[in-house]
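**Q** Questions regarding the structure given below will be posed in turn.
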Amino acid sequence: MLSNKTIVVGVTGGIAAYKACDVVSKLKKLNANIHVVMTESACEFVNPMTFQTLSNNFVINDMFKEPKTWEVEHIELAKKADAFLIVPATANFIGKLASGIADDMLTTTVMATRAQVIVAPAMNTNMYTNKIVQDNIHKLSDLGYMFIEPASGRLACGDIGPGKLADVDDIIKHVVTFFEEKSTDKDLVGRKIMISAGPTIEAIDPVRYITNRSSGKMGYAIAKRAVARGAQVTLVSGKTDLDIPKGLAKFIAIESADDLYKNLVSEFDSNEVVIQSAAVADYKPKSYSDKKIKKKDSDLCIELSRNKDIAHELGKIKGDKVLVGFAAETNDVLENAAKKVKKKNLDFIVANDLTKQGAGFATETNIVKIIDADGRINEYPKLLKSEVGDKILDKVRDILENK
Ligand code: PMT
């Protein structure tokens, strides 16, 4: 995924330096070419040999004693970088960078690079929240440096609060997203796309509800890719733990299937494409109890009534819009999905087989088959949900262009 990309990883002296080993190893597995530059204090935490072995490249940590076999000057390394990742970045390093101090190999190389610098800070909570550090971060952000927000939790020093190095997988995701967005064709500029995502919630009483296992990851991934490709995106989402993607034209939070229906209908005319990846409850409790239902000795029956089939309703008023549905199946995947594409008047449907590992709910990946209205089927291997998003958007673009 990161083939042909050169990433220079700068490691500064904090306890989280050991986590940088995992970052380097994971970037290497994505086929990136990695060069590590360490500060003197970083070498107190992790031996350069570890990074040398993980990156398969010499580690640079001394301005004046470069390895004899090292052919590339640090300025050339700065030029060679497609991205610079500082992990972990201490308050001291951030302070030097913000003040233009270049007094060691890392600060000199970062100062000399024109590549995007991505900074993953890690430090004690009081240091991180200190106004000087925060001002430095703001100054650097304004200058175009990207920051990966640290996590909150118990730090190595025992304090609890923000300052913990972001999760390694989140750091990798940031880097991958940066490259994806950089290399993205803006082929959907001006296109208005509405995407539904996440689960619906059907309330039983003020305390209980019926929902499903959708995390929203699939819909959010499509939304992010559509934004990256230049579209004006409206995301209508059930409750999720995900951050609202940046760059959306509109974000609408919904709870129930009725909420989703109302919002999709009211935004329908303003969009030319609707991608329905939300997992919608087919049933809701027939009546809502505004008081908490008390338990009794006997069993409890909750009568359910049918929710609207939203995709079917939108299919009836389709006009010349592009409608895309999803089919979440556990058996007879193709047969069931093919029925839905017809019944709901969709241009195509994305079928995921929920029984396959790495497909469906809450995973980072999905395994899908795309079935056109005329029955043509495209099968895909296991892909990241962002990659599935691109496949869907490629098809949407082709349909729009041929209209
Ligand atoms: O959110 P994630 O954790 O990433 O998981 C992704 C996903 C599995 C939820 C997603 O990939 C997916 O399959 N979404 C559709 C789930 C679903 O409701 O499937 P369905 O086969 O029941 O419905 C078919 C289509 O009709 C869907 O586009 C659905 O949005 C729509 N529908 C369903 C019921 C209903 N009452 N109204 C609808 O509009």
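The values are calculated or read from the model by the stated rules, or taken from the named source; none is laboratory data. All of these numbers come straight from a predicted model, not from anything done at the bench. Cβ coordinates were reconstructed from backbone atoms using ideal geometry, including for glycine residues, and neighbour counts include every protein chain displayed. Ligands, DNA and RNA are stripped out before the accessible areas are found, and what is left, the full protein with its side chains, is counted by its heavy atoms. Shrake-Rupley method; radii C 1.70, N 1.55, O 1.52, S 1.80 Å.
**Q** Which pairs turn up if I take residues in the range 271-288 that are without any contact (Cβ under 8 Å) to a residue 60 or more places away in the chain and under 17 Å from GLU313 (Cβ atoms) and look for partners that are within 10 Å of the ligand (Cβ to nearest atom) and open to solvent by 20 Å² or more (accessible area, probe 1.4 Å) with beta carbon separation below 9 Å, at least 6 apart in sequence or on another chain?
**A** Once the first residue is without any contact (Cβ under 8 Å) to a residue 60 or more places away in the chain and under 17 Å from GLU313 (Cβ atoms) and sits in the range 271-288, its partners that are within 10 Å of the ligand (Cβ to nearest atom) and open to solvent by 20 Å² or more (accessible area, probe 1.4 Å) give ASP282/ARG306; ASP282/ASP309.
**Q** Would you be able to tell me the number of residues in the range 185-196 that are away from the ligand (no atom under 13 Å from the Cβ) and within 20 Å of GLU267 (Cα to Cα)?
**A** Residues that pass the stated criteria total 6.
**Q** Something else: With (1) at pLDDT 95 or above; (2) loosely packed, with under 14 Cβ neighbours inside 10 Å; (3) more than 17 Å from TYR209 (Cβ to Cβ) as the list, and ASN263 as the residue in question, which single condition is left unmet?
**A** (2)
**Q** Just one of (1) among the β-branched types (Val, Ile, Thr); (2) in a helix (DSSP H, G or I); (3) near the ligand (Cβ under 10 Å from one of its atoms); (4) over 19 Å from the mean Cα position of the chain (by Cα) trips up VAL350, so point out which.
**A** Condition not satisfied by VAL350: (2).
**Q** Then there is this: Which residues, taken from the range 40-60, are buried (at least 24 other Cβ atoms within 10 Å of the Cβ) and modelled with pLDDT of 95 or more?
**A** The answer is ALA42, PHE51.
**Q** Which members of the range 197-219 meet the condition of being more than 8 Å from the ligand (Cβ to nearest atom) and aliphatic (A, V, I, L, M)?
**A** Passing the criteria: ILE201, ALA203, ILE204, VAL207, ILE210.
**Q** What number of residues in the range 345-403 are open to solvent by 20 Å² or more (accessible area, probe 1.4 Å) and at positive phi?
**A** Summing the residues that are open to solvent by 20 Å² or more (accessible area, probe 1.4 Å) and at positive phi in the range 345-403 gives 3.
**Q** Name the single residue, out of those in the range 124-154 being open to solvent by 20 Å² or more (accessible area, probe 1.4 Å) and hydrophobic (A, V, I, L, M, F, W, C), that is farthest from ILE15 (Cα to Cα).
**A** LEU143
**Q** Please determine, by comparing only the residues of the range 359-393 that are among the hydrophobic types (A, V, I, L, M, F, W, C) and under 18 Å from ARG213 (Cβ atoms), which one is farthest from the ligand (Cβ to nearest atom).
**A** Residues of the range 359-393 that are among the hydrophobic types (A, V, I, L, M, F, W, C), as a first pass: 359, 361-362, 367-368, 370-371, 373, 377, 383-384, 388, 392-393.
Remaining after also requiring under 18 Å from ARG213 (Cβ atoms): 359, 361-362, 367-368, 388.
On the way: ALA359: 8, PHE361: 4, ALA362: 4, ILE367: 10, VAL368: 8, VAL388: 8 Å.
In this case the residue turns out to be ILE367.
**Q** A follow-up question, please. When both residues are 6+ apart or on different chains and their Cβ atoms are under 7 Å apart, which pairs have a first residue that lies in the range 354-383 and is more than 21 Å from LYS343 (Cα to Cα), and a second that is buried (at least 16 other Cβ atoms within 10 Å of the Cβ) and of a type in the set (Asp, Glu)?
**A** Hits for this filter: LEU354/GLU329; ALA359/ASP353; ILE367/ASP353.
**Q** Turning to a different aspect of this structure: Could you run through the range 234-243 and say how many residues are outside any loop (DSSP other than H, G, I, E, B) and within 15 Å of the ligand (Cβ to nearest atom)?
**A** Applying the first criterion (outside any loop (DSSP other than H, G, I, E, B)) to the range 234-243 yields 234-237.
Add one more test, that the residue is within 15 Å of the ligand (Cβ to nearest atom), and what stays is 235-237.
Total meeting the criteria: 3.
**Q** Something else: Can you list residue pairs whose Cβ atoms sit under 7 Å apart, with the first residue in the range 1-27 being under 16 Å from LEU77 (Cβ atoms) and the second being of a type in the set (Lys, Arg) and at pLDDT below 95? Count only pairs 6 or more apart in sequence or on different chains.
**A** From residues that are under 16 Å from LEU77 (Cβ atoms), the pairs are THR6/LYS80.
**Q** Still on this structure: Which residues, taken from the range 93-107, are in a helix (DSSP H, G or I) and crowded, with 18+ Cβ neighbours inside 10 Å?
**A** The initial filter retains those residues of the range 93-107 that are in a helix (DSSP H, G or I), namely 93-99, 105-107.
PHE93, ILE94, LYS96, LEU97, ALA98, MET105, LEU106, THR107, listed by residue number.
**Q** Tell me which of these ALA231 doesn't satisfy, since it passes every other one: (1) away from the ligand (no atom under 16 Å from the Cβ); (2) without any contact (Cβ under 8 Å) to a residue 40 or more places away in the chain; (3) under 29 Å from THR177 (Cβ atoms).
**A** (2)
**Q** Which of the residues belonging to the range 230-275 are basic (Lys, Arg) and either within 19 Å of ALA362 (Cα to Cα) or not assigned by TED's automatic domain parsing to the domain that holds GLY319 (or both)? Explain how you work it out, then say what you get.
**A** Applying the first criterion (basic (Lys, Arg)) to the range 230-275 yields 239, 246, 250, 262.
The one that is basic (Lys, Arg) and either within 19 Å of ALA362 (Cα to Cα) or not assigned by TED's automatic domain parsing to the domain that holds GLY319 (or both): LYS239.
**Q** Tally the residues that are within 13 Å of the ligand (Cβ to nearest atom) and either polar (S, T, N, Q) or touching a residue at least 60 places away in the same chain (Cβ under 8 Å) (or both), restricting the search to the range 313-332.
**A** 4
**Q** Filter the range 133-172 for residues that are of a type in the set (Asp, Glu) and in contact with a Ser or Thr (Cβ under 8 Å, 6 or more places away or on another chain) and give the result. Give the steps one after another, and end with the answer.
**A** Kept after step one, since they are of a type in the set (Asp, Glu), are these residues of the range 133-172: 135, 142, 149, 159, 167, 169-170.
Hit for the range 133-172 is ASP159, nothing else.
**Q** Sticking with this structure for a sec: Before we move on, is ILE310 within 14 Å of the ligand (Cβ to nearest atom), under 27 Å from ASP258 (Cα atoms) and surrounded by 13 or more Cβ atoms within 10 Å (Cβ to Cβ)? It would help to see each step written out before you state the result.
**A** Working: within 14 Å of the ligand (Cβ to nearest atom): yes; under 27 Å from ASP258 (Cα atoms): yes; surrounded by 13 or more Cβ atoms within 10 Å (Cβ to Cβ): yes.
For ILE310, the condition - within 14 Å of the ligand (Cβ to nearest atom), under 27 Å from ASP258 (Cα atoms) and surrounded by 13 or more Cβ atoms within 10 Å (Cβ to Cβ) - is met.
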